[in-house]
Each structure stands twice: as structure tokens, then as C-alpha cells.
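In what follows, a structure is listed as C-alpha cells, so that the remarks can point back to it.
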Amino acid sequence: MIALNAPVWQTLSSAGNDAEKWLLALTEGNGNTRETIEILAEDLSHQLSWYTATAYALPHLAAFCPKLSKEDKVFLIAQMGAAIAAEAMTPLSPESEAYREFHEGLDGLRKETESLLTDAEIHALLETDTELGTMFSLGALAIIGSRVHACALWYLSGSSWEEAPAACLCGWEDEILPLAEQPDVLEPIEILPWDKKSLDNEAVWLNGLLELAGDDMIRPILPLVYGTGTCPDCGKQEPYWNWFCRFHC
């Protein structure tokens, strides 16, 4: 963890270039906790961009998270999900200090998130607030699942999860594949019910969380985006996520 007064913070980017200011306010208890989390999250995830301050902020957030109530932990993870997911579009070099900071923080947040995902009290909380539950689900995906998948689902929110880009190596592409129309080029998978305990199958627990939250926008497309695409030109089959990444990864 790099101290908030270290010179490196002056070289790091965020939307407002003041992430360390809000981190300090948050960790020292200055101001309303949730309002400060919201400001910091927007500073680090504006327009789903990757900001270098995120990597250095995560260890501080991981150290702070255990001090929060369960409800505020859920709020923190929900708010920070997009910032964490954005790293998938600009992967950090494993040899860099930023990479080490990012993964130190991610490891700490993962422990907190895994505990929340199997907590019956949290399940009941998610059932009362669809927006919070949906954002928490995507935040959990960014932390303990695939950041690529989390970033993709945040990106697809721009079309209300009704359209998605697709591209095959042969040159075929469709920038607005109509997910809402169940396109023939995608073969959906069957997503089994979640037992509210196991985190082995990403599609299963993500779908289960979203179901608890009462989501009716993301869940319908999960069998498709976790499914298999068949190129209409060359016939090659591969996971839909590969199609997405040819556009945005």
C-alpha cells in the first residue's frame, strides 16, 4: 500500500485528478461515507475509462472495507465495480508497481466479496433494491470473476443490454447484434439454479445474484453472452466473449 502523501499520486490519473483527496476523506471518516464513496467511484470510473489511480486506491479500499457495516460493504463494491472492471481494457504489466498494488487490493476485496455473496442477510438486502443489487452483482463479477466479462456487461448497458458487438477472425462483424431478438448466430447455454453457496460457476452465481435483485434486463442475455457464436460467413464456432473482445479488449 502506497501512502497517500507519496509523490507517485501526483503522477496518477483520475477524472478529477484528486482521488487521493477522497480516499483520505473516506479512510479518516470525514464527511458522509456513502457520498464520499460515490464521488471517489465516479472519479475512478467516469465513462468506463481506466484511470491509473485505481490501482493505487485498491489497497486502501481493501484495508478500509472490513471496518464498514455489511450494507456499506455492498455499497462500496457496487460503486467500485466499473473502475475495477475497466482494467480489463488496459491490462497492467505484471512487472509494474501498479500491477502489484492493484492485485494487493483486489485480493483483499475478494475475501470481503466472497463472504458477502454467501450471506443470507445480504441476499435479503439485495431483494429490496434492484439497482443496488444489479450494481453489486457486476461489482462482484469484476472482483472475483472475469473483469473482461464485467467490463463487457457495463459496456452493453449503453444499449440497455439489447445489442452487442461481434466479430470473427474471418472478417465478419456486426456492431449491433440484436441480443433482444435471440439471434440465430448465438447458441445459448443453460444456466442452472444457484444454491446461494457455490462460486465455482461464474454464470450460475451471477445469474443467481441478479435474480435475487429482481433484475429483468441483464439476466435474459446471460445465456447468450456466455454461449457460443457461429460465424455466418465461415462457420467457425467460439465463445461469444471472443467476439466481443475483438471489438473492445
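The values are calculated or read from the model by the stated rules, or taken from the named source; none is laboratory data. Just so it is clear, the model here is predicted, and its values are computed rather than measured. Glycine also receives a Cβ, built like all others from the backbone with ideal geometry; neighbour counts cover every protein chain displayed. The protein model used for the area step is the full one, side chains on, heavy atoms only, and it has no ligands, DNA or RNA in it. Shrake-Rupley method; radii C 1.70, N 1.55, O 1.52, S 1.80 Å.
Among the residues of region 178-191, write down those that are open to solvent by less than 90 Å² (accessible area, probe 1.4 Å), under 14 Å from A166 (Cα atoms) and not β-branched (V, I, T). Can you show your working first?
Applying the first criterion (open to solvent by less than 90 Å² (accessible area, probe 1.4 Å)) to region 178-191 yields 178-180, 183, 185-186, 188-189, 191.
The next check asks that each one be under 14 Å from A166 (Cα atoms); those that pass are 178-179, 183, 185-186.
Once the filter is applied, which keeps residues that are open to solvent by less than 90 Å² (accessible area, probe 1.4 Å), under 14 Å from A166 (Cα atoms) and not β-branched (V, I, T), region 178-191 yields P178, L179, P183, L186.
Please determine whether any residue of region 118-131 is under 22 Å from F64 (Cβ atoms), open to solvent by less than 40 Å² (accessible area, probe 1.4 Å), in contact (Cβ under 8 Å) with a residue 24 or more places away in the chain and under 16 Å from the mean Cα position of the chain (by Cα).
No, because not a single residue in region 118-131 is under 22 Å from F64 (Cβ atoms), open to solvent by less than 40 Å² (accessible area, probe 1.4 Å), in contact (Cβ under 8 Å) with a residue 24 or more places away in the chain and under 16 Å from the mean Cα position of the chain (by Cα).
So, S157, is that one closer than 28 Å to Q47 by Cα, open to solvent by less than 60 Å² (accessible area, probe 1.4 Å) and of a type in the set (S, T, N, Q) or not?
On the way: closer than 28 Å to Q47 by Cα: yes; open to solvent by less than 60 Å² (accessible area, probe 1.4 Å): yes; of a type in the set (S, T, N, Q): yes.
Judged against the criteria, S157 is a match.
Table: residues versus (1) closer than 25 Å to E121 by Cβ; (2) touching a Pro at 6+ places or on another chain (Cβ under 6 Å).
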{"position": "S157", "(1), (2)": "no, no"}
{"position": "E175", "(1), (2)": "no, yes"}
{"position": "V185", "(1), (2)": "no, yes"}
{"position": "L199", "(1), (2)": "yes, no"}
{"position": "E211", "(1), (2)": "yes, no"}
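Any idea how many residues of region 13-62 are among the polar types (S, T, N, Q), in a helix (DSSP H, G or I), touching a Phe, Trp or Tyr at 6+ places or on another chain (Cβ under 7 Å) and surrounded by fewer than 17 Cβ atoms within 10 Å (Cβ to Cβ)?
Residues meeting the conditions: 1.
From N207, N242, which residue is of a type in the set (S, T, N, Q) and touching a Leu at 6+ places or on another chain (Cβ under 6 Å)? Spell out how you get there, then give the answer.
Numbers: N242 fails: touching a Leu at 6+ places or on another chain (Cβ under 6 Å).
Of N207, N242, the one residue that is of a type in the set (S, T, N, Q) and touching a Leu at 6+ places or on another chain (Cβ under 6 Å) is N207.
Kindly list, by first and then second residue, each pair from a residue in region 15-35 that is without any contact (Cβ under 8 Å) to a residue 12 or more places away in the chain to a residue that is β-branched (V, I, T) and assigned to a helix (DSSP H, G or I), limited to pairs with Cβ atoms under 8 Å and residues at least 6 apart or on different chains.
The qualifying pairs are A25/T36; N30/T36.
Given (1) of a type in the set (A, V, I, L, M); (2) part of a helix (DSSP H, G or I); (3) in contact (Cβ under 8 Å) with a residue 24 or more places away in the chain; (4) under 19 Å from A88 (Cβ atoms), where does A203 come up short, assuming only one miss?
Against the list (1) of a type in the set (A, V, I, L, M); (2) part of a helix (DSSP H, G or I); (3) in contact (Cβ under 8 Å) with a residue 24 or more places away in the chain; (4) under 19 Å from A88 (Cβ atoms), A203 comes up short only on (3).
What is the number of the single condition among (1) open to solvent by 40 Å² or more (accessible area, probe 1.4 Å); (2) free of Cβ contacts under 8 Å to residues at least 60 places away in the same chain that W194 does not meet?
Of (1) open to solvent by 40 Å² or more (accessible area, probe 1.4 Å); (2) free of Cβ contacts under 8 Å to residues at least 60 places away in the same chain, only one is false for W194: (1).
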